[in-house]
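This report concerns only the one structure given below.
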Amino acid sequence: MTMTKKDIRRLSLEDLRLFFTEQGQQPFRANQVYQWLWQKGVHNFEEMTNLSLETREVLQKHFVINHISVDQMQRSSDGTIKNAVRLHDDLIVESVLIPTKTRTTACVSSQVGCSLDCTFCATARLKRMRNLNPDEIYDQVMAIHQESLLYHDRPLSNIVFMGMGEPLMNYNNVLSAIEKITGDQGLGMSPKRITLSTSGVPKMIKKLADDEVKFHLALSLHSAIQEKRQVIMPFAERFVLDDVLEALIYWYEKTKRRVTFEYIVWDGFNDTDEDIRALVHFCKKVPCKVNIIEYNAIDDGAFKQAPAHRVEAYTQALEKAHIPVTVRRSRGNDIDAACGQLANKH
Ligand code: SAH
């Protein structure tokens, strides 16, 4: 009988202590191993140099480390880096390092492909293959942290869950990855520097609030008019805006953290004064800020970025209503690393 070895990073520190005790070894070894696995991010047991050869062999015999490997790294002329990341079962996801003057942000994936069907997003063309495990999410962050040190001479400062997939449809694994990222046993990063972006799953937004998470929340809104939104985000027929709004109000009441609305303005689709009024009206119902993002064309050209004066009409109306708004330029377009362009092209 062949036994498939267990991925050691599925074990908690407690599990690992128990393992060592069962093996007749000192349980404190677990702490050393845990540090190698999470803080140092080793890819194999040989690298655990403060363990005896015997201990390393015991580990080798029982476990594997399903570490990701960066298959291909592309660097954009603006400093953005895109990693094509190979998982242990040979599936590929992408993650992106986005440098600005003051920050280095990691944009990480939560699923292989995506189960949602936004018509403007390249990732939606891929079938959802599976959820990522907590360690696979953690590894993407670590890889970018190391690239940030190497190429930008500074540590990673922020993380956004805006890569491939819908993080709230992989709730447990995403939260457990964040726990590791923010924990003392992991990267020790402040949750205030982490933003989870969702297409809007009301029940799960409420669950986030109930679970008292400490990170930020963003919603990909794109239209505050239900009938319009469900044209470009068909799944929104089931997750209607009224319910999303109710969940966001619940989120704010519990967390006191304002949500960010991501919004693309498309030429001839949502660029009328009526669209603007609907957004302002929506924003008045829950403390928020608006992030207008540039549309990145994907192959078929069905959508087009609205001209600057229409974007300006949006910002003026929002500002007049005292709703904070920023317009974000896209990064990494030359390597298909910008929002909505992640689709494993290589
Ligand atoms: N499913 C989550 C996480 C993915 S985030 C969510 O939708 O929030 C990816 C972000 O990029 C979302 O805000 C999405 O609306 C946006 N996006 C998708 N396609 C895009 C495109 N072609 N150009 C610009 N932004 C896009």
Inset, instruction - For the range 95-116, name all the residues that are more than 11 Å from the ligand (Cβ to nearest atom) and part of a loop (DSSP other than H, G, I, E, B). - result: 100, 101, 102, 103, 113
Inset, instruction - Would you check if there is a residue in the range 286-296 being acidic (Asp, Glu) and within 22 Å of the chain's Cα centre (by Cα)? - result: yes
Inset, instruction - Search the range 174-196 for residues that are under 19 Å from residue 132 (Cα atoms) and assigned by TED's automatic domain parsing to the domain that holds residue 135 and pair each with any residue that is surrounded by fewer than 17 Cβ atoms within 10 Å (Cβ to Cβ) and basic (Lys, Arg) when their beta-carbon atoms are under 8 Å apart and the residues are at least 6 apart or on different chains. - result: 182/214
Inset, instruction - Residue by residue through the range 47-67, note down the ones that are assigned to a loop (DSSP other than H, G, I, E, B) and in contact (Cβ under 8 Å) with a residue 24 or more places away in the chain. - result: 65, 66, 67
Legend entry - Residues being part of a helix (DSSP H, G or I), away from the ligand (no atom under 16 Å from the Cβ) and open to solvent by less than 50 Å² (accessible area, probe 1.4 Å) - total across the range 311-328: 4
Legend entry - Test result for residue 174, open to solvent by 10 Å² or more (accessible area, probe 1.4 Å), within 14 Å of the ligand (Cβ to nearest atom) and under 16 Å from residue 191 (Cβ atoms): no
Legend entry - So residue 161, is it of a type in the set (Phe, Trp, Tyr), within 13 Å of the ligand (Cβ to nearest atom) and either modelled with pLDDT under 95 or on the phi > 0 side of the Ramachandran plot (or both): no
Legend entry - Residue tally, condition over 20 Å from residue 314 (Cβ atoms), within 22 Å of the chain's Cα centre (by Cα) and hydroxyl-bearing (Ser, Thr, Tyr), over the range 209-262: 2
Inset, instruction - Out of 275, 242, report the one residue that is open to solvent by less than 20 Å² (accessible area, probe 1.4 Å), more than 12 Å from the ligand (Cβ to nearest atom) and of a type in the set (Asp, Glu). - result: 275
Inset, instruction - Those residues that are assigned to a helix (DSSP H, G or I) and surrounded by fewer than 19 Cβ atoms within 10 Å (Cβ to Cβ), I need them from the range 245-269; list them, please. - result: 245, 246, 249, 250, 252, 253, 254, 255
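The values are calculated or read from the model by the stated rules, or taken from the named source; none is laboratory data. All values derive from a computational prediction rather than experimental measurement. Virtual Cβ from ideal backbone geometry, glycine too; neighbours counted across all protein chains shown. Surface areas here come from the heavy atoms of the whole protein model, side chains and all, with no ligands, DNA or RNA. Shrake-Rupley method; radii C 1.70, N 1.55, O 1.52, S 1.80 Å.
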